[in-house]
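Worksheet for the structure shown next.
Values quoted throughout were computed directly from the atomic coordinates according to the rules given, and no laboratory measurement underlies them. Since the model is a prediction, treat every value here as computed from it, not as a measurement. Here the Cβ positions follow ideal geometry from the backbone for every residue, glycine too, while neighbour counts run over all protein chains shown.
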Amino acid sequence: QVQLVESGGGLVQAGGSLRLSCAASESIFSINVMGWYRQGPGKQRELVADITISGTTNYVDSVKGRFTISRDNAKNMIYLQMNSLKPEDTADYYCKADRGRSTYWGQGTQVTVSS
């Protein structure tokens, strides 16, 4: 079972930046897709961005051009660089890993963007 631990959340003013990190408990070479999801107040959890083992990325339209997902397979880490943050980006951000038929989630890290 893969354990995922997120870090890097916090309070930031609109227009600011944060970098989220997700550390996996074991090698991510076997994990085809890893991603970041978020759940804002009163909203459903949604995909923010994901990245395949080959480096192919996918972003929700609302973050394109502002967020960048990356993965470091040697360090068993994925990252989410978030720039030009907006109040509507306020949410709990979760790391997700898909390996075969199994899905693993982290506990989340809170991001609050003040206007």
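Points to keep in mind about this one:
- Under 30 Å from LYS43, Cα to Cα: lysines that are on another chain or at least 8 residues apart: LYS64, LYS86, LYS96
- The alpha-carbon positions of region 72-111 define a convex hull whose volume is 91 Å³ per residue.
- Within the chain, the longest segment free of exposed loop sites, counting trypsin sites (Lys or Arg not before Pro) that fall outside DSSP classes H, G, I, E and B and have at most 16 other Cβ atoms within 10 Å, spans 1-42.
- What the phi angles of region 46-57 give under the Karplus curve with 6.51, -1.76 and 1.60, with θ = phi - 60°, is a coupling list of 9, 5, 9, 6, 9, 8, 8, 5, 8, x, 6, 10 Hz, glycine and proline written as x.
- Between region 77-97 and region 48-67, the C-alpha centres lie 11 angstrom from each other.
- Projecting label points 7 angstrom from Cα along Cα→Cβ for LYS43 and ASP61 puts them 1.4 nm apart.
- Under the Karplus curve 6.51 cos²θ - 1.76 cosθ + 1.60, θ = phi - 60°, whole-Hz ³J(HN,Hα) for region 30-42, x wherever Gly or Pro sits: 8, 9, 5, 10, 10, x, 10, 10, 9, 9, x, x, x
- In the chain, the ratio of gyration radius to Kirkwood radius, Rg to Rh, stands at 0.95 when only Cα atoms are counted.
- Here is the list for region 12-115: chymotrypsin sites (Phe, Trp or Tyr not before Pro) lying in DSSP coil, each with at most 16 other C-beta atoms within 10 angstrom of its C-beta, are PHE29.
- For VAL33 and GLN81, a Förster radius of 22 Å and the Cβ-Cβ distance give a FRET efficiency of 0.75, rounded to the nearest 0.05.
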